[in-house]
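Coordinate-derived values only; no laboratory data. Quick caveat, the model's predicted, so the values are computed rather than measured. Note: ideal-geometry Cβ built from the backbone for every residue, glycine included; neighbour counts use all protein chains shown.
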Amino acid sequence: MNYLKDAIAKFTHHLIEPLNIKQLLTRQLNQLSGGEMQRVAIAHALSQDAQLFLLDEPSAYLDVEQRLMLSKMLKDFVEHYNATILVVDHDLLFLDYLSNRLLVFAGEPAVHGEVKGPFGMEEGMNMFLEDLGITFRRDKDSGRPRANKVGSVLDRQQKSEGKYYYV
């Protein structure tokens, strides 16, 4: 509770409730699971007075439902507080739900690198997915993003059209 006093005082509706932290407030930090600690750390970080928030792997330790909830909460937070959040994450589904714009990092790890962008989602994801050699489509029934099997009819068709990322 002491660690989150600013978040509780100022952001109960936008951080504490959406991150489902209320039941954690009476516990010690060293008693929390990885996912619980991750949610507490995100609430603490976003409760700080800042113009730019940097979140490195905020989806780590969270299950699928929590990742979707986090992406919605972050979008709402950005909109409500006119905040800017730079997120680095490896979960493409999470990034797809969360992001409006992308920076694409290219190069060879620990040797050289280049940052490209920012891009809109379609252009940035097309560039990123082309580099990986994979394509994404939306599931017809659920609307969720799905990776195409490499070499499948859809994969080959999308690659021939230069559309690695669904629109």
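For the chain, state the semi-axes of the equivalent ellipsoid (square roots of 5 times the eigenvalues of the alpha-carbon gyration tensor), sorted largest first and rounded to whole angstrom. Working shown, then result.
On the way: eigenvalues 228, 61, 43 Å².
Each semi-axis is the square root of five times an eigenvalue, giving 34, 17, 15 Å.
The 3J(HN,Hα) values that the Karplus relation (6.51, -1.76, 1.60; θ = phi - 60°) gives for the stretch 65-76 are, in residue order, 5, 5, 5, 5, 4, 4, 4, 5, 4, 5, 4, 5 Hz. Gly and Pro appear as x. How far apart, in nm, are two points set 7 Å out from the Cα along the Cα-to-Cβ line at Gln157 and at Asp141? With each label point 7 Å from Cα toward Cβ, the separation is 1.9 nm.
Count the lysine pairs in the chain whose Cα atoms sit under 18 Å apart, keeping only pairs 8 or more residues apart in sequence or on different chains. Qualifying lysine pairs in the chain: 7.
Could you work out how far helix 34-46 tilts from the main Cα principal axis of the chain, as a 0 to 90 degree angle to the nearest 10? Result, in degrees: 80. In this structure the amide hydrogen of Glu57, modeled in the peptide plane, comes within under 5 Å of the amide hydrogens of Val88, Asp89, none closer than 5 places in sequence on its chain.
Note on Lys116/Ser33: beta-carbon distance plugged into 1/(1 + (r/R0)^6) with R0 of 45 Å gives a FRET efficiency of 0.75.
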